[in-house]
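Just below is one structure, and these are the notes that go with it.
The values are calculated or read from the model by the stated rules, or taken from the named source; none is laboratory data. Keep in mind it's a predicted model, so treat the numbers as computed, not measured. Virtual Cβ from ideal backbone geometry, glycine too; neighbours counted across all protein chains shown.
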């Protein structure tokens with residue numbers, strides 16, 4: 001791209017981003033929903049005036065009614081947070097919740113008003129490690145443990161007090177501070193390199209000489225928990241536990257903590273609770289030499305207590321653990337996906353979203369619009385012997401979940417069947433039992449074609465026929481290694497398969513409708529050089545039967561896929577996608593990870609670093625972009641995209657959760673019923689266009705005055721919904737009044753009607 005075109009493209013991109021952010025934020029926000037894993041509770045605090053516990057997680061915040069043991073509210077970056085990867089929570093003396101995040105953002109939630117206040121200074125700073133690890137209030141000041149030292153903020157006006165305390169005694173400047181406690185008028189800090197403490201009153205905490213240090217074993221590394229109990233200040237590290245009393249460090253007298261990882265310490269009434277490796281231990285505060293185990297063994301992340309001093313525990317992937325009497329326990333967490341990782345997503349014929357987690361323990365999950373369900377070897381042993389699912393392909397009534405090592409799992413209604421090397425002809429890889437399907441698609445007859453990342457039999461493509469019957473298709477000589485990925489199938493039943501390893505590119509194959517007659521198979525390959533030397537990352541077939549290929553340097557289009565099969569040696573050259581800006585067609589050069597289409601044939605491209613690009617059906621027009629700056633998108637790295645034809649919601653799979661935004665790309669009705677306009681009345685001028693819902697395919701829409709004059713006429717995009725800006729055929733806003741909205745098909749045989757009130761200000 002020459003410099004002039006690049007400047008124009010950048011100006012177009014940033015101008016559009018600013019428009020979306022500045023002008024459409026309220027409307028845009030209301031269209032979004034984010035789905036995150038809220039089961040990893042890393043910090044707990046409670047409301048002194050209500051029976052509520054506040055649970056900070058790696059996917060947001062949720063609130064538990066401790067009396068009812070139910071979730072009453074949850075928060076993500078759409079509901080008031082700045083970042084979902086939370087690290088700490090703390091209730092101050094003004095009954096406000098301080099919420100800290102890994103990116104340095106601080107959110108203060110006022111219980112009385114429900115409002116949020118924000119502190120951006122740390123988030124926007126140039127510090128390397130901005131994580132907000134802990135809060136502790138002393139008088140009118142809030143001390144904050146960060147990845148680079150300690151900050152001090154006024155509780156009343158939220159102003160920063162003093163410069164950051166970067167150097168705590170002799171410790172390395174900007175040491176990671178992990179925990180804070182206050183006893184009397186002294187501040188204690190557990191850091192990555194030991195313990196630092198100093199008097200607060202009449203002392204300059206910016207002066208390193210004001211701090212004293214302790215770093216003898218076991219407190220020379222990652223002191224991450226602390227708690228004040230009477231005259232003692234307890235500390236826990238990765239290798240033990242002890243306490244300061246009268247200026248002397250005493251090793252915890254109970255040997256159960258010796259050499260053990262102490263994740264957290266909390267006092268509850270007359271008891272001291274502390275996480276020792278994978279158990280919670282409890283001792284009487286006046287008799288630390290003995291104690292007992294509280295609760296089952298598990299991966300505990302944090303501790304808290306309620307108003308009565310009863311313990312609360314954050315458990316990895318299990319939420320908040322509470323005692324329920326008689327030695328039993330309950331786990332409370334919101335309905336949510338099994339993990340934040342969404343490696344691949346797909347939507348079935350009923351509009352249910354399916355996701356492959358992509359992590360070794362994640363399994364796969366589904367969302368019906370109301371409830372999440374998880375599929376793991378623990379919940380559904382029939383899925384096979386592995387939870388490492390990398391790909392998922394949903395058809396009308398069948399879903400294939402492809403495990404990286406465990407074979408292929410077919411979900412059909414309530415029936416689940418796993419196919420692997422022991423019960424089918426599916427191949428192994430370097431390990432003969434390690435079965436790695438890595439892509440697939442349903443053909444025009446409903447058969448599922450499965451590709452493999454690696455095989456031990458030089459056969460990378462299989463067709464599922466029925467039950468455990470698969471037809472194998474051996475790799476032709478043009479394929480040196482299997483390493484197949486995603487699959488798309490065109491109207492001629494040609495399989496277009498991402499080829500990951502050398503020679504790389506895009507493999508195409510057509511069996512001519514004969515399962516076991518291999519002599520008439522047609523195949524060929526587009527190598528990396530056919531895509532200007534770029535790496536293929538995804539492939540789809542759009543509604544015009546064009547093959548669209550995403551690469552690490554833009555998108556390419558094969559306009560006539562039939563020609564490739566008719567003569568593989570003279571296959572049509574891919575065309576580089578360009579976007580029209582002014583009178584120029586600027587090449588689209590984004591590092592594209594995935595590509596998808598909606599019911600209107602519009603293109604959705606997920607990128608490595610810049611979020612989502614939404615393009616017109618022919619790709620020539622940039623409709624909108626979504627990234628973490630101008631939208632609630634959870635990450636700028638997009639792994640997978642799927643758009644529901646039923647409700648028009650576009651889903652974006654990331655490693656930080658699943659984001660979705662409402663679009664107008666909804667499948668059209670078969671027959672007109674009633675045309676509904678919103679907002680109604682329509683106030684002009686308007687920040688958002690009028691939404692016209694209830695259309696059939698390819699509707700022509702007319703806006704008529706009561707006297708029958710045609711004020712505006714336009715074609716719908718092709719789906720169930722169209723929009724109108726309130727202007728007449730001359731480009732002027734129509735006057736106030738009642739209007740008829742009429743839709744009809746191209747033959748004028750099907751007609752739908754609706755009414756609209758316009759108020760012109």
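At-a-glance table
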read-out: Matching residues in segment 550-564 - criterion: being within 31 Å of the chain's Cα centre (by Cα) and farther than 19 Å from residue 622 by Cβ; value: 552
read-out: Total residues in segment 507-535, condition in a loop (DSSP other than H, G, I, E, B) and touching a helix residue (DSSP H, G or I) at 6+ places or on another chain (Cβ under 8 Å); value: 2
read-out: Those residues of segment 717-745 which are touching a strand residue (DSSP E or B) at 6+ places or on another chain (Cβ under 8 Å) and outside any strand (DSSP E or B), in sequence order; value: 720, 725, 726, 728, 729, 734, 735, 736, 745
read-out: Odd one out for residue 530, checked against (1) crowded, with 23+ Cβ neighbours inside 10 Å; (2) closer than 18 Å to residue 571 by Cα; value: (1)
read-out: Matching option when the condition is touching a strand residue (DSSP E or B) at 6+ places or on another chain (Cβ under 7 Å) and at positive phi, among 314, 295, 304, 323; value: 295
read-out: When residues of segment 496-507 are limited to those that are buried (at least 24 other Cβ atoms within 10 Å of the Cβ) and free of Cβ contacts under 8 Å to residues at least 60 places away in the same chain, the one nearest to residue 537 (Cα to Cα); value: 498
read-out: Qualifying residue in segment 134-156 (condition: without any contact (Cβ under 8 Å) to a residue 60 or more places away in the chain and in contact with a helix residue (DSSP H, G or I) (Cβ under 8 Å, 6 or more places away or on another chain)); value: no
read-out: Subset tally (residues that are part of a strand (DSSP E or B) and either crowded, with 18+ Cβ neighbours inside 10 Å or at pLDDT 95 or above (or both)) for segment 549-586; value: 13
read-out: Residues of segment 320-358 classified as over 30 Å from residue 305 (Cα atoms) and more than 16 Å from the chain's Cα centre (by Cα), total; value: 6
read-out: Identity of the residue in segment 293-312, in contact (Cβ under 8 Å) with a residue 24 or more places away in the chain and assigned to a loop (DSSP other than H, G, I, E, B), that ends up surrounded by the fewest Cβ atoms within 10 Å (Cβ to Cβ); value: 308
read-out: Candidate set: segment 359-378, residues that are in a loop (DSSP other than H, G, I, E, B), surrounded by fewer than 22 Cβ atoms within 10 Å (Cβ to Cβ) and in contact (Cβ under 8 Å) with a residue 12 or more places away in the chain; chosen: the one nearest to the chain's Cα centre (by Cα); value: 359
read-out: Answer residue from segment 62-93, given it is closer than 17 Å to residue 339 by Cα and over 15 Å from the mean Cα position of the chain (by Cα) and is surrounded by the most Cβ atoms within 10 Å (Cβ to Cβ) among those; value: 62
read-out: Residues within segment 27-52 that are buried (at least 24 other Cβ atoms within 10 Å of the Cβ) and over 22 Å from residue 357 (Cβ atoms), tallied; value: 2
read-out: The listed residue being loosely packed, with under 15 Cβ neighbours inside 10 Å and within 40 Å of the chain's Cα centre (by Cα), out of 259, 220, 230, 240; value: 259
read-out: Answer residue from segment 683-716, given it is within 35 Å of the chain's Cα centre (by Cα) and outside any loop (DSSP other than H, G, I, E, B) and is surrounded by the most Cβ atoms within 10 Å (Cβ to Cβ) among those; value: 692
read-out: Filtered residues of segment 290-309 (kept if modelled with pLDDT of 95 or more and either more than 34 Å from the chain's Cα centre (by Cα) or closer than 25 Å to residue 364 by Cα (or both)); value: 292, 293, 294, 298, 299, 300, 301
read-out: Residue list for segment 636-661, restricted to those being closer than 15 Å to residue 350 by Cβ and out of contact with any strand residue (DSSP E or B) (no Cβ under 6 Å at 6 or more places or on another chain); value: 645, 646, 647
read-out: Residues satisfying the stated conditions in segment 394-405, i.e. assigned to a strand (DSSP E or B) and either crowded, with 24+ Cβ neighbours inside 10 Å or in contact (Cβ under 8 Å) with a residue 40 or more places away in the chain (or both); value: 394, 399, 400, 401, 402, 403
